[in-house]
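The values are calculated or read from the model by the stated rules, or taken from the named source; none is laboratory data. Fair warning: this is a prediction, and the values are worked out from it, not measured in the lab. When we count neighbours, we look across all protein chains shown, and the Cβ atoms used for this are built from the backbone with ideal geometry, even at glycine.
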């Protein structure tokens, strides 16, 4: 009796001891060495895994860490904000884009985006793909008119690999001729699909019509550019623009010292590059129309945003104005909160059944920008819809039209949109990178919220008046003959408020 | 190895990092371009080719150790122990059976609160199919105290978002709000779930909206294929019905149906209130105690209902031939694992091994998944995606693909070959890579308060608890090549398949061809 019970006790002891051992090893070694098959060791998922020692939970009061910025002697900036979660995002942002393209290099930015994370002088494309897959990370590259963004989203355990790979692929690209040709063919194939995305097509046309240089350059490479571009043109553009003083390495969820320890030895001898003058864009306004046989007609009507991001307060007012006007599709998913009580929803979409989508948009750059209304309707209704768009823009510019209630609603919506966006790692990383490229420092989100809180309906009206003082820009796709003429539209905006 | 390193060092007079960096590399490039490399003149044409290749390799061969210090193309199991700690998930079960679960990050200024309900379209009958989804629409259409307009304005004035979705087994209503609006949001959720008025006129108006949504869904071929796949794989069982329901039902669903569905399925023991972000557990529990008082406490669990009407997998197929469509699409599926089956983890790893691919993916021909490689190199598909769906008592595991009509037979062969290969030959490296990818994608997905609240809600309904990240990782790490082979033997080897195909599919091989390729004839 005694013996048997002591034996069972011993067995129990032995068991806990084994489990303990396993627990100690569990984090870095699979359980496969221990006794029994997977099925016997792994209970159904509603049971706890026996013997697993869990790390102590983190405190609920995870504070936010400050953004630390280091500038290397060659001008390269490294910025990071730490966080406690299990994952991190590293991004490399280059102060380059389609505005720097000239003559033969027009369209190169689009190709640079496609050539991201391809062969470098240290790694083949195969090796890059394998390394990313071995860590299970996500890479992403995007080109815009003023900024190139490369990012790598990963678990913290793979941070050194991620930083190294990201830097290698942006700093040492090989631009192998066969890879360039492969991408050129793909981009050519996608040209036909461009018209399937009318919104993007309109935005492209709008920039083409609105500006006389720099920002006029297409972001999507046109066909004639694709026939001209080859590896050497890309290389030339790359070497002119991807210089140390125009790059920012931004990271979220990374300790600054760790980031420096890995990135500094790689980056300290990057050449600084010659000072480049930022190409100035001149807003001219104008009209561009593409006639397509279609039941729907898409129109974008826009005005210049003077000052752009550099006029911080104005940019904030503009964000608020966009939220206030709001709008959207007449049929779209999502419950309350998608802006069903914004001006354009209440005053346009709920009133005219023929309108399929009607929304305010903005496209802001460092020193200038566009703001306006994008609409899609059946072609029969387009004349009326464009006039409605014009009168909606005039309405927000007329004093006394905006109520305190709707401005407060827009403020809360803006606040909530900004804060929920900043929940995401990738967006925080991009925010750090973008702000440092644009402002040279990172302003906390509270700064933006403070500006927002102080705004009054009059600020919005004044901003709208400033916008409408510029000549309008129009872009249309579809049955364009029914769209009111440019002159008739611009005449509407000549009346004083 | 060491000797080679010495040699390469000797070849270079100075370590390259002492030179200004770019000039060093361009010098190498031009040297390689201009020099006819070999000393002895090449004789054969192959020598020319070899020299060209060597020159190309040499251009890439720039052994600057700084860039090759950490990364490795070979998947290793990394130590994640330092980062697997997360804020605690606190769960409280109230006296009526309602569970409240939260994960707090008090420093954040936003929060997501929501109600996750163990009810979905599989708990409907033939006549009421579509009710769960109809209810999801009607629940935002006003309560006894709030009109639609008041409800919408209340949410929009505080800059919040209210959203809902219905699946075959779960229904969710959640709100995304700023920190100080959490009590308000919970109040609204409680009101719409307990006091919805279901005005007849509103119901009639909503029918048109749902019928229009149905048209939209029918335009999305992927959704249609998966609906057909469920319809054939789980024929004559509740899981085979669609979520939206047939148009005839949408036209006839009444207020009684909706009320009835709420009282039988929206019961306290089958609900979880989940919150994450700027929320305090005690506060949420107190609020929920005060607000959710009208819920039915019917103790019937969803599992009991499922046991009454279990899903039965039937090997079968549905083909909708439409030669007007430019691309063909099909899905092949096996009977998979239920949520709580320990092998469901292995199936997730296997899904990740098969991977997904499309024409524009950056990895192109170099993806680790052999199936993806085959698709990319032979250009036999437009896109391909492995899927693994779990339900309470069953699951679906398989591959969905889109292709040009003349590639269908090659693609079908590639898919079946790679699926059935998992019962025979599995490499450790492939499994390890898939494990790493799975762990990363599961964790990287938890980005923001809404995915976290969603994760808590879903896990509490399916597993009855929230699985800590450390345990999930341990379970994934325990999957090795032999586990994959055993699980493939259980779910794939000589098992029936269900097929749904649509478009110009006349060249898709017949059912027996697929069934035959669930095993290889090798003895």
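Within the stretch A:130-156, the residues that satisfy the criterion of being more than 15 Å from residue A:259 (Cβ to Cβ) and in a helix (DSSP H, G or I) are A:130, A:131, A:132, A:133, A:134, A:135. Against the definition (surrounded by fewer than 24 Cβ atoms within 10 Å (Cβ to Cβ), within 12 Å of chain A (Cβ to nearest Cβ) and touching a residue at least 12 places away in the same chain (Cβ under 8 Å)), how does residue B:449 come out, yes or no? So residue B:449 fails the test.
Filtered by the rule that a residue be without any contact (Cβ under 8 Å) to a residue 24 or more places away in the chain and surrounded by fewer than 21 Cβ atoms within 10 Å (Cβ to Cβ), the stretch A:110-147 gives A:124, A:126, A:127, A:138. Give the residues of the stretch A:266-286 that are farther than 19 Å from residue A:217 by Cβ and not in a loop (DSSP other than H, G, I, E, B), sorted by residue number. Scanning the stretch A:266-286 gives A:266, A:267. Candidates B:334, B:387: the one that is assigned by TED's automatic domain parsing to the domain that holds residue B:462, in contact (Cβ under 8 Å) with a residue 12 or more places away in the chain and closer than 29 Å to residue A:114 by Cα is B:387. So which residues in the stretch A:26-47 are surrounded by fewer than 18 Cβ atoms within 10 Å (Cβ to Cβ), facing another protein chain (nearest Cβ under 7 Å) and modelled with pLDDT of 70 or more, if there are any at all? Matches in the stretch A:26-47: A:43, A:44, A:46. Where helices (runs of 4 or more DSSP H) fall wholly inside the stretch A:359-443, the ranges with 1 or more residues that are within 14 Å of chain B (Cβ to nearest Cβ) and on the phi < 0 side of the Ramachandran plot are A:404-421, A:425-439. The residues in the stretch B:372-389 that are on the phi < 0 side of the Ramachandran plot, within 14 Å of chain A (Cβ to nearest Cβ) and out of contact with any strand residue (DSSP E or B) (no Cβ under 6 Å at 6 or more places or on another chain) can be counted, and the count is 3.
Just one of the listed residues (A:217, A:227) is away from chain B (no Cβ under 14 Å) and farther than 30 Å from residue A:372 by Cβ, and it is A:227. For the stretch A:312-362, enumerate the residues that are within 17 Å of residue A:462 (Cα to Cα) and modelled with pLDDT under 90. Passing the criteria: only A:312.
Every condition in (1) more than 9 Å from chain A (Cβ to nearest Cβ); (2) in contact with a helix residue (DSSP H, G or I) (Cβ under 7 Å, 6 or more places away or on another chain); (3) under 27 Å from residue B:278 (Cα atoms); (4) in a helix (DSSP H, G or I) is met by residue B:439 except one, and the failing one is (1).
Mind checking whether some residue in the stretch B:325-335 is away from chain A (no Cβ under 14 Å) and part of a loop (DSSP other than H, G, I, E, B)? Within the stretch B:325-335, one or more residues are away from chain A (no Cβ under 14 Å) and part of a loop (DSSP other than H, G, I, E, B). Only residues that are part of a loop (DSSP other than H, G, I, E, B), surrounded by fewer than 19 Cβ atoms within 10 Å (Cβ to Cβ) and within 24 Å of the chain's Cα centre (by Cα) were counted across the stretch A:308-334, and they come to 4.
Residues that are at the interface with another protein chain (Cβ under 8 Å from one of its Cβ atoms) and more than 16 Å from residue B:468 (Cβ to Cβ) within the stretch B:72-103 comprise B:72, B:73, B:74, B:75, B:76, B:77, B:78, B:79, listed in sequence order.
Return the residue satisfying two criteria in turn: it lies in the stretch B:460-477 and is free of Cβ contacts under 8 Å to residues at least 40 places away in the same chain and in a loop (DSSP other than H, G, I, E, B), and of such residues it is nearest to residue B:169 (Cα to Cα). In this case the residue turns out to be B:464. Every condition in (1) more than 20 Å from the chain's Cα centre (by Cα); (2) buried (at least 24 other Cβ atoms within 10 Å of the Cβ); (3) assigned to a helix (DSSP H, G or I) is met by residue B:406 except one, and the failing one is (2). Of all the residues in the stretch A:49-98, those that are in a loop (DSSP other than H, G, I, E, B) and at the interface with another protein chain (Cβ under 9 Å from one of its Cβ atoms) number 16. Among the residues of the stretch A:115-129, those that are facing chain B (nearest Cβ under 7 Å) and either outside any loop (DSSP other than H, G, I, E, B) or under 23 Å from the mean Cα position of the chain (by Cα) (or both) comprise A:117, A:125, A:126, A:127, A:129. It is to be established whether one or more residues within the stretch B:484-500 are part of a loop (DSSP other than H, G, I, E, B) and within 14 Å of chain A (Cβ to nearest Cβ). Within the stretch B:484-500, not a single residue is part of a loop (DSSP other than H, G, I, E, B) and within 14 Å of chain A (Cβ to nearest Cβ). Counting only helices (runs of 4 or more DSSP H) that sit wholly inside the stretch B:166-264, those with at least 2 residues that are surrounded by fewer than 17 Cβ atoms within 10 Å (Cβ to Cβ) and without any contact (Cβ under 8 Å) to a residue 40 or more places away in the chain are B:200-219, B:247-252.
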